[in-house]
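Below is one structure, written out as structure tokens; comments come after it.
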Amino acid sequence: MGKKKVAFQTFGCKLNFSETSGISKSFLKEGYNTVDFRDEADVYVINSCTVTENAEKKCKTAIKQANKRNPTARIAIIGCFSQIKPSELAKMDGVDLVLGNNDKFKILDHLNELDNSSNEETIIATSDLKTDLDFFPSYSSGDRTRSFLKVQDGCDYFCTFCTIPHARGRSRSNTIETTLKVAKKIADSEIQEIILTGVNVGDFGKRNNEHFIDLLKALDEINGIERIRISSIEPELLSNEIIHFVANSNKFLPHFHIPLQSGSKRILKEMKRKYTPTLFADRILTIKKLIPNCLIAADVIVGFPGESDADFQESYEFIRDSEITYTHVFSYSARPGTIASRIDNKIPKEEIKERSRKLQQLSNRKKLNFYNQHIGSKLNVLFEANNSHSFMHGFTENYIKVKTNYSSDLINKIIEVTLIKIDKEGIFEIEF
């Protein structure tokens, strides 16, 4: 009898992808072979997301697909959707395991329990994340050029639109010392770039009386890693000290992802965000003063309950007049159990769609303007392995995407290139 086959499907954030990679390593150690989710497998593992209604729909579709491919396979749903709505998932045909955000790391134990039991009922395991403060480190390694290193989990903020504190529990992390041990494993591989990820990375160390800036300084000293990015950091936690440090570091890259959510002071207050547009603007001014070529991405939610035309216009003008490079635009999705879901004065879907369209157009213009400023620039690109229609891609230190003719000799190399022109897909063509 051959080795058992396991297939993974991951939805949601980069943190989920990091954790799926860690869980897949535990399956490999147990002798499983990993196959594509579209193939027939003995075990299907779906790492779920619950940030939007659409994310939950995608998870349910994946369950149906897995059950159709192999009706006798074990199907395990893990992660945020499992943590929030375990009973809803357990009722679906074919689902054997529903594991919450800490229990998912014990998935092999639960599979053994299923195999050794005559009881065919679905196993549900969702520990109380208010009291379970265990931290499970992980890092992705499927892409040998870049790795997402999980440094923090959970969130102590309770923004009115967000279920993540309920799905992921309280903010927690390892010590700096333990985190460095995981980072050194990455450094010992061929991986050139680390992306620091978590739910609220700027909150790192708060239960250990340590600070995020001290982790950054320690990571900066590790040999074997050429580039480090911070995946996303709350504006009030992005201190001037961190910005100065990144500006003077040879490893930390000129690229910040800062959640804005709204440029309206009133809406930010309704969301229970911990900053004002003024603070956000101050952070951007400091970044651009110290790191002029820095790319700054921001998340924005449109259609929050009660967002008036004036609120939206205030938000639009804030983004337009700022040096945000581009925005990730999200339509508000009411999540059960959140304060915002109980607020009256919901915005009609058509209005949300129109506001989203306007912001996306603005974002596209701003990004193109930033790219145009870099025509003729010499920057360093880390090339990735994927062969897409005889082209390969990579990213500059400030996260500009480039492409060139595929060559296996370029994979995982950091090479200085000249940015020549922007193609119709918004990707830079280059010269060596």
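A short reminder: the numbers here are calculations on the coordinates, not readings from a lab. Here the structure is a predicted model, which means the values were calculated and not measured. Every residue, glycine among them, receives a Cβ derived from its backbone with ideal geometry; neighbour counts consider all protein chains shown.
Computed values, structure above
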{"read-out": "Phi-based couplings in Hz for segment 237-248 (Karplus 6.51, -1.76, 1.60; Gly and Pro marked x)", "value": "9, 7, 6, 4, 5, 5, 4, 4, 4, 4, 4, 9"}
{"read-out": "Between segment 355-432 and segment 15-72, the Cα center-to-center distance that results, in Å", "value": "31"}
{"read-out": "Within the chain, helix-based [θ] at 222 nm, where runs of 4 or more DSSP H residues each add -39,500 (n - 2.57), nearest 500", "value": "-10000 deg cm²/dmol"}
{"read-out": "Cross-link reach list, lysines versus LYS289, counting only Cα pairs under 22 Å and skipping chain neighbours closer than eight places", "value": "LYS217, LYS251, LYS366, LYS367, LYS378"}
{"read-out": "Taking ILE213, ILE287 and counting other C-beta atoms within 10 Å, the order from fewest to most", "value": "ILE213, ILE287"}
{"read-out": "Ordering of 134-147, 53-66 by burial proxy (mean other Cβ atoms within 10 Å per residue, highest first)", "value": "134-147, 53-66"}
{"read-out": "Trypsin sites (Lys or Arg not before Pro) within segment 70-109, DSSP loop, no more than 14 other Cβ atoms inside 10 Å", "value": "LYS91"}
{"read-out": "Long pairs among LYS106/LYS185; LYS4/LYS64; LYS29/LYS401; LYS181/LYS288, criterion Cα-Cα beyond 31 Å", "value": "LYS29/LYS401; LYS181/LYS288"}
{"read-out": "Highest-fluctuation residue, THR418, THR50, THR131 considered, GNM on the chain with Cα pairs under 10 Å", "value": "THR131"}
{"read-out": "Highest average packing first - 31-39, 366-374, Cβ atoms within 10 Å", "value": "366-374, 31-39"}
{"read-out": "Amide proton proximity set for ARG335, modelled H, under 5 Å, gap of 5+", "value": "SER341"}
{"read-out": "Projected label distance in nm at ALA218 and LYS413, using a 7 Å step from Cα toward the beta-carbon", "value": "3.6"}
{"read-out": "For segment 120-133, Karplus couplings with θ = phi - 60° (6.51, -1.76, 1.60), whole Hz, Gly/Pro x", "value": "9, 6, 5, 8, 10, 9, 9, 5, 6, 7, 6, 10, 7, 9"}
{"read-out": "Burial ranking of peptide ranges 332-341, 160-169 (average Cβ count within 10 Å, highest at the top)", "value": "160-169, 332-341"}
{"read-out": "J(HN,Hα) series, segment 337-344, from Karplus relation 6.51 cos²θ - 1.76 cosθ + 1.60, nearest Hz, glycine and proline x", "value": "x, 8, 4, 4, 5, 9, 6, 6"}
{"read-out": "Simple label model, 7 Å out from Cα along Cβ direction - ASN112 to LYS3, nm", "value": "1.9"}
{"read-out": "Spatial separation of Cα centroids for segment 86-114 and segment 284-333, in angstrom", "value": "39"}
{"read-out": "Cysteines in the chain lacking a second Cys C-beta under 4.7 Å", "value": "CYS13, CYS49, CYS59, CYS80, CYS155, CYS294"}
